[in-house]
Each structure stands twice: as C-alpha cells, then as structure tokens.
1. What is the one condition in (1) assigned to a helix (DSSP H, G or I); (2) out of contact with any helix residue (DSSP H, G or I) (no Cβ under 7 Å at 6 or more places or on another chain); (3) under 30 Å from residue 161 (Cα atoms) that residue 443 does not satisfy?
2. What residue, among those in region 233-245 that are surrounded by fewer than 22 Cβ atoms within 10 Å (Cβ to Cβ) and free of Cβ contacts under 8 Å to residues at least 24 places away in the same chain, is nearest to residue 202 (Cα to Cα)?
3. Could you count how many residues in region 354-373 are in contact (Cβ under 8 Å) with a residue 60 or more places away in the chain and buried (at least 23 other Cβ atoms within 10 Å of the Cβ)?
4. Please verify whether residue 224 is touching a strand residue (DSSP E or B) at 6+ places or on another chain (Cβ under 7 Å), surrounded by 16 or more Cβ atoms within 10 Å (Cβ to Cβ) and on the phi < 0 side of the Ramachandran plot, treating the condition exactly as stated.
5. Any residue at all in region 390-399 that's within 27 Å of the chain's Cα centre (by Cα) and either surrounded by 13 or more Cβ atoms within 10 Å (Cβ to Cβ) or touching a residue at least 60 places away in the same chain (Cβ under 8 Å) (or both)?
6. Within region 441-460, restricting attention to residues that are in contact with a strand residue (DSSP E or B) (Cβ under 8 Å, 6 or more places away or on another chain) and more than 22 Å from residue 78 (Cβ to Cβ), which residue is surrounded by the fewest Cβ atoms within 10 Å (Cβ to Cβ)?
7. What residue, among those in region 211-221 that are in contact (Cβ under 8 Å) with a residue 12 or more places away in the chain and more than 16 Å from the chain's Cα centre (by Cα), is surrounded by the fewest Cβ atoms within 10 Å (Cβ to Cβ)?
8. In region 425-435, what residues are touching a residue at least 60 places away in the same chain (Cβ under 8 Å), touching a strand residue (DSSP E or B) at 6+ places or on another chain (Cβ under 6 Å) and part of a loop (DSSP other than H, G, I, E, B)?
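The values are calculated or read from the model by the stated rules, or taken from the named source; none is laboratory data. Just so it is clear, the model here is predicted, and its values are computed rather than measured. Quick reminder, even Gly has a Cβ in these numbers, built from the backbone with ideal geometry, and neighbours come from all protein chains shown.
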C-alpha cells in the first residue's frame, strides 16, 4: 500500500531524447538517476516528454479515456467483462474496482511526477536555459490536466455544490510517507488550482500543426482546458474569452482525416501519439474496445445516432466513421485492432467551435452560436439536404441542437459523460442497451468513490 503515494522522479520521467519522434520510438536506457535527468538539455527535454507519457498510458490515452466513454449514453458495453470497463458502463464503480484503482494511481503518479519535476527544475535553471519557463508551464499543464479529470470523476458537479468534497490537492513533491495524510479539497478549490496552473501560458507555443505542437502543451491546449473548467463552472464569459483566444486552427475538410495517419492536421490541438514502444495493450488500448464489435459498440437505438437527423447516410460521420463488426454497429475512429497505434485526440478545433456555440447560446448571442454550430455540422452534413434548419433555431431548441451536435461530433472521444456531469443531468442508459437504467446526481454511482488504496494510507479522507 505504501507505494500508492510515493512516486519518485524516475517513475514519472522518461529519459533523454533528441526529438519527439525519438521519444516515441526509443526504449529508455536503464539506471538513469535524477541527477542524470537534469544533467543536459537533451535529457531535460526528455524528462518533460516523460510527463506526457504519464498522462497517456494508462490514463487519458488509454483505459481511463475508455472508462469515461463508457459512462456516457451513446455507446453500449457488450463485453460482459469486468476488465473491459463494464463497471464504468453500469455505473457501479466501487472503491476497489480496477477502473477506479488504475485511474487514481495513474493520475497521482503523473501529478507527483510533475511536482517532482518542478521542484528539481529549480536546481537546473542553467541547464534549462531559455526553455525554463516553457518547461514550468508544461509541467503545470500536466498537473492541471490530471486534476481536471479527477474533479469530473470523483466530485459532485460544480453546478450542484461547488463546496462539495473532491480529491486531495497535492502540490509538493513526495518521496516518503510524511505527506500521505492530505484532506480533500472542494470542487471549487480544485478548479481554482487548475486555473492557477494555467494562468501563465506565455512561454508555450501559440499555435501550430506540427508533431511537436500537437503532442505537447500549447497555448491553445491550455485555453481548451481553461474553457472546459469555466464551462463546468458556468462562467460563460470567461469560457468565451478562452475559446476566442484560440487561433490558427481550422476544421479539416474531411472528418475522416482527423482519425487517419498521420493523425494530426489543421484541426488537431492536443493528442496522444502512439508507437510500438509505448502504446497501451489489450483491454487498455482505445482501439481494442472499438474495432471488434465485442466490447464497446454504438447505441443506434437510444443514443444520438437513433435521433432523427443524427444518423443520416449523407452524414460523413456516419458513412466514413461507422461500420459493422461481429454483427454490431461500431465506431471507426479507432480501427487499429492489431497494433493499437491509433492516436487518441483530447482537444480538437471542432470542440472549440461547439464549446463556443454553447457559450454564445447561454449568453444570448444566438447568431454567433448558430454560426459556430453550422460550421461543424455542415462539414459533415451537406447544408442543402440538412433536415435541421439551423437558421430557425432559438432558445432551448438551439441549445438542444448544440448538445446533440456535440454528441454526434465527439462520440467516442471521452466527452459525453463530462457534459452530462457538468450540467448535473441524469445518466440514462436507454432501451437499446442490455440493461436500461437511470442514475441521478443523488444516486450512488454518479461519481466514483475515492479508492481503498488511498483510504488505507490517508487518514484524512472522510467522504
């Protein structure tokens, strides 16, 4: 149990590389000490890259990403297998459930790796040189990224109770047992820390569609994370400011391009790359759950594709990104069932536009909301034959159309469950699923319990 909260620097950081492609392809050398990691600019940069490895696998580039998709209501888990996120789908995750334990361990290992890196970097300013500020901001992005997802999984919605207990807020490097006891912070306090970590992003790349800029923190990625926080807090004006600060990106003319090699394009803001040396394995890799039709399949009856206007054959998202396997309807965003080398997108410009559409609608700027909505929808659905008359929408009908478009566009990308949670809505698994049920914000299962492994070593956990 003691290893739960002691995550040393060597666990969290990969070693020296000469470039991002090297980070993907090379096996790390053995017996690298902390002093070695900070001994040269090349190794220091490799240490930063290692932080991204910690939030990728098994966290948001692997199993946790799939768990979040399972919590939503547009796909069905037909696996019957507890190792394939079935508890997440059925919303009965307990204190010792593997989905919970793996997510918690991965997130806090990444957090402590970021904290340890930040502490150690203070003694390596000369080595970092003019990249010092960038490295600080990248490490804080990694920490903020983890706390955002923890807050969305383990705490009540901000909308219902922003003072509700969330998770322990650990901001210092821990290499012994002295820091095990740490109280839970509130939902509000966690979001405030995320936003503090993202308050200075000036040293990050402003924009770009290169390998380096989409696989590491950029100003746009930080703004997307800010935007998600502000939307969860229903601070629409600040969310709009964060979204409008994102520039230099565009929708790819063809939605299929986003999910095809080389897996990044003008739409990609932040994504997790995969290579044969570092992809997740079976029952953890994202493609594993989608390609075979035996684990996670589309709910074409009760999900978004069962709604009128959202399962159109003329919709490129249907014609190009869905199919059939094992007599089941499947999503074809992640199709490499042999090597699991499909990249895993976290932020893309389509979400930026749909976020803005929602925020504009919430603040009464309906023309801007409809414009942003139309850009995303008519990329895939020909405007001339679209049964949805966007121009005529207003009020609640406009909001509903935006919500539906988010589901249609971002299905499979670990977004839907977060949207339901931040709006404090019910999770409704419909008649098209093996077991129809509803989970409300006051029902057990709506959020995950802090796992037993944490409670065993942290006596201040009370909820």
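1. (1)
2. 241
3. 5
4. Against the criterion (touching a strand residue (DSSP E or B) at 6+ places or on another chain (Cβ under 7 Å), surrounded by 16 or more Cβ atoms within 10 Å (Cβ to Cβ) and on the phi < 0 side of the Ramachandran plot), residue 224 qualifies.
5. yes
6. 460
7. 212
8. 433 - this is the single residue of region 425-435 that is touching a residue at least 60 places away in the same chain (Cβ under 8 Å), touching a strand residue (DSSP E or B) at 6+ places or on another chain (Cβ under 6 Å) and part of a loop (DSSP other than H, G, I, E, B).
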